[in-house]
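The values are calculated or read from the model by the stated rules, or taken from the named source; none is laboratory data. Computed from a predicted model, the values in this text were never measured in an experiment. When we count neighbours, we look across all protein chains shown, and the Cβ atoms used for this are built from the backbone with ideal geometry, even at glycine.
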Amino acid sequence: MYRKGKDREALKLPKSDYLAYHVRALAVLDEPVIRAALAEGGILWRLVTEILMSDPGLYQRAVDLCTQGPILNKGKGCRIQVLPAENDTLFLDNGLTDSEAQVLSGTYLRYCGKIDLMELSWWPQPHLFLSSGFNTGIWNPWNEDWFQRRLLDIQEGKKMPQNADKWRSGLRLFKDTGKLADLVEKASARIMDKHLTHG
C-alpha cells in the first residue's frame, strides 16, 4: 500500500487500516503458509496465531496442520530444506517467501518525495525481530507482554507502522539475548543431531 508523505511527517492511519492489514494477512494464509509461519516461530508465529484466533475453524485447521508433514501443493509455494540431504533424500518443509512475510507483518511502502520509498510495518519484519534483543529463541513472557501492549495501542490508534530504524531501536531489550538465542540454537542442534542422525 502506498501513502504520500514526507520523511519526517508522522504517519497517522485510521483504525480501519489495521483491519485491512488483518484481511490481507488472512488472504495469504493458505495451508502451506500457515504451516510455514507457525514453524518459523518468533513474531510470525505470534502474528499468525493472533490472526487465526479470529476464525475458530481456521484455527483448528492450523492445529491439525502442525501434526502433518509438508504440504506439497502441486509444486506451488516455497519450500525449505530443514536437514542435510541423505542418500538422495531431501528433507523439506513449507517455507515463506519474503513477500508473504511482509504481508504478515503489515508492511507498507510509503512515497517520500518524488521517487523515494520508505518501508513501514505494523509489526517488525522477521529479520528485524530475529536480530533484536527480543529474540531469545523462544516466545517468552516479555515478548507476550510487549505484543499485547502494542496490539492494544494499535487498536486504540496510539501506535502506527514504523520503519526499520525505529523497530531496531525499539526492540533492544537486553544486549545479551542474542547470546542466549545462540545457546538455545546450538543446544537444539546437538539434540536433533543426536536423536535424528544416530538413532
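Things worth noting here:
- On inspection, residue 59 qualifies as in contact with a Leu (Cβ under 7 Å, 6 or more places away or on another chain), at pLDDT below 80 and either of a type in the set (Asp, Glu) or under 29 Å from residue 142 (Cβ atoms) (or both).
- Members of the range 28-51 found to be over 23 Å from residue 136 (Cβ atoms) and among the basic types (Lys, Arg), listed by number: 35
- The number of residues in the range 151-162 being without any contact (Cβ under 8 Å) to a residue 12 or more places away in the chain and closer than 16 Å to residue 46 by Cα comes to 1.
- Any hit, the range 80-94, residues being out of contact with any strand residue (DSSP E or B) (no Cβ under 9 Å at 6 or more places or on another chain), of a type outside the set (Gly, Ala, Ser) and modelled with pLDDT of 80 or more: no
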